[in-house]
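Worksheet: one structure, shown below.
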Amino acid sequence: MAERGWDDVSVQSICERADIGRSTFYVHYDSKEQLLEGGLDDLRHALRRSCSMDKRERFDVLAFLRGLIEHACEQRRLFRALIGRRSGHLVQTRFKDMVLGLVREDLERFAANWRRDLAARCLTGALVELLAWLADTRHPVRIDEVEHQFLRSIRPAIAGLEKAGP
C-alpha cells in the first residue's frame with residue numbers, strides 16, 4: 001500500500017508479498033477490505049492494551065494517544081499511505097472511524113449529549129490531522145513533546161465537557 005496506494009493493491013499482490021496462495025488468503029479474509037478492518041482492529045486492541053499497561057501519570061482522556069503517535073512515527077511510510085493522498089477514501093474513512101471509536105470510548109464518562117459527540121468528532125479530526133502532519137513533516141520531533149502539545153491544545157474542549165450541562 002505504501003508503494004502503490006490502496007486502489008492499486010490487489011489480493012494477488014498481497015498474496016505475492018506475503019508469500020501465500022490466494023486460497024490461503026481467502027480462508028482468513030473475504031476481501032482486502034476485511035484485511036484492512038482486521039489490521040485496524042489489531043491496532044485498536046494494541047493501543048488499548050498499551051494504555052492499561054502504561055502506569056505513568058497523565059491526562060486520562062485519550063490515554064491511547066502516546067501509543068498512536070509512537071506507531072505513526074515508527075511506521076511513517078505506512079501512515080503516509082494510510083491517511084495521505086494515495087490511500088483512497090475507504091482507507092481514510094475506516095482509519096478515521098477507528099480513531100473516532102477510541103475517542104468516544106475515552107469520552108464515555110461524560111454525559112451523552114450533542115456536546116460530547118461534537119467534541120469526539122473535533123478531537124478525532126484534530127488527531128487525524130496531527131498524524132498526517134507527523135507522517136509528512138521533515139522536522140525532528142520528540143514523541144513526548146508532540147503528545148504534550150496536543151493534550152495542552154485539547155484541554156479546553158475537555159474542560160468544556162466537564163462543566164457543560166445537558
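Scanning the range 129-152 for residues that are buried (at least 17 other Cβ atoms within 10 Å of the Cβ) and among the aliphatic types (A, V, I, L, M) turns up Leu130, Leu131, Ala132, Leu134, Ala135, Val146.
Regarding the range 17-24, can at least one residue be identified that is of a type in the set (A, V, I, L, M, F, W, C) and in contact (Cβ under 8 Å) with a residue 12 or more places away in the chain? Checked against the condition, which is being of a type in the set (A, V, I, L, M, F, W, C) and in contact (Cβ under 8 Å) with a residue 12 or more places away in the chain, the range 17-24 yields no hits at all. Scanning the range 128-166 for residues that are β-branched (Val, Ile, Thr) and outside any helix (DSSP H, G or I), we see that the one that is farthest from Lys96 (Cα to Cα) is Val141. Restricting to the range 63-116, and then to whatever is among the polar types (S, T, N, Q), under 15 Å from the mean Cα position of the chain (by Cα) and more than 22 Å from His148 (Cα to Cα), can you tell me which residue is most open to solvent (accessible area, probe 1.4 Å)? Result: Gln92.
Here the range 1-14 is the region considered, the condition is being assigned to a helix (DSSP H, G or I) and touching a residue at least 60 places away in the same chain (Cβ under 8 Å), and the residue that is surrounded by the most Cβ atoms within 10 Å (Cβ to Cβ) is Trp6. Those helices (runs of 4 or more DSSP H) of the range 15-127 in which 3 or more residues are at negative phi and among the acidic types (Asp, Glu) occupy 32-53, 89-106. Counting the residues of the range 44-67 that are under 23 Å from Ala119 (Cβ atoms), basic (Lys, Arg) and at pLDDT below 80 gives 1.
The values are calculated or read from the model by the stated rules, or taken from the named source; none is laboratory data. Everything numeric here is computed off the predicted structure, so don't read it as measured data. Quick reminder, even Gly has a Cβ in these numbers, built from the backbone with ideal geometry, and neighbours come from all protein chains shown. Heavy atoms of the whole protein, side chains included, go into the accessibility calculation; ligands, DNA and RNA do not. Shrake-Rupley method; radii C 1.70, N 1.55, O 1.52, S 1.80 Å.
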